Amino acid sequence: MNPITSMLLDSSVHALGPDWMDPDTLINGFIERWGTWALAGICLIIVIETGLLFPFLPGDSLLFTAGLFTGTGQIQLPIWAVAAILGFAAFIGPQSGYWIGRLSGPKIFNRPDSRFFKKAYVDRTHAFFEQYGGRAIVLAQFVPFVRTYIPVAAGVGRMPYLRFVRFNVIGALVWGVGVTLLGFWLGQFAIVKDNIEIALMLVVLVSVLPILFEAVKHQLEARRAAPAVESRETLED
């Protein structure tokens, strides 16, 4: 199966996970326990998923729901503060992953398969990295599993830190801030508030659009390059 197709399927499965991964349930639980400090729990999940090698957590849907709940008043903070804090969490997570990879080296990817670590995820991440280069840091934010391992792979590969930071900042703004603001804006519509599950599935579909765009672009570039390669081989013959 094409790595891109496999990633998109993972996105759908991830969004349809067990109840304890449901963003509505998670955030309501945080609000009941911690009130205003519920945002700290959301940040913790974002940091763990994007930087601490634990991929089985909601990402896009959690940010979207946090924005929606801010709009409905369930999270009692201004949207600019919520978006900024979650954007910062989306920056800190990959930073942690990068330094884990940089300090641990390739051996961190040589662990045997376990319940939460699969070599297949790592192989898929490397393929993603090789295909998109530095842009992978940004694009991976929208792909479950890959966004967990890509910062570590960047660290293991010793990507120049300042280059990594540049892409990390863009990813945090587009994903952390952008998806949160999208949830806030769409949450103003009754049809979205009354059908959160459908809205979350739409978020998954929207979140994979950058990957689809890149996949189509890559295929078009490959088709354009094919005649040139064939012509060169003909001349060599």
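Given a 1.4 Å probe, how much area per residue of segment 64-169 is accessible, in Å²? List each step's numbers first, then the result.
Working: 4490 Å² over 106 residues.
I get 42 Å² per residue for segment 64-169.
What are the ³J(HN,Hα) values, in whole Hz, obtained from phi via the Karplus relation 6.51 cos²θ - 1.76 cosθ + 1.60 with θ = phi - 60°, for each residue of segment 129-136 in sequence order, with x given for Gly and Pro?
Coupling constants for segment 129-136: 5, 5, 6, 10, x, x, 4, 4 Hz.
How big, in percent, is the set of alpha carbon pairs in segment 73-186 lying more than 26 Å apart?
Tail of P(r) above 26 Å: 24 percent of Cα pairs.
Using a probe of 1.4 angstrom, how much of the accessible area of segment 21-96 is carbon and sulfur, in percent? Walk me through the numbers on the way to the answer.
Numbers: 1960 of 2860 Å².
Of the solvent-accessible surface of segment 21-96, carbon and sulfur hold 68 percent.
Quickly rank 45-51, 146-152 as a protection proxy: mean count of other C-beta atoms within 10 Å, highest first.
Numbers: 45-51: 24.0, 146-152: 27.3.
Result, highest mean Cβ count within 10 Å first: 146-152, 45-51.
Need one value: the accessible area of Ser104 in square angstrom, 1.4 angstrom probe, rounded to the nearest 10.
40
The values are calculated or read from the model by the stated rules, or taken from the named source; none is laboratory data. Predicted model, so just to flag it, every value in this text is computed and none were measured. Positions of Cβ are generated from backbone atoms using ideal geometry, with glycine treated the same way; all protein chains shown enter the neighbour counts. Note: areas computed on protein heavy atoms with side chains; ligands, DNA, RNA excluded. Shrake-Rupley method; radii C 1.70, N 1.55, O 1.52, S 1.80 Å.
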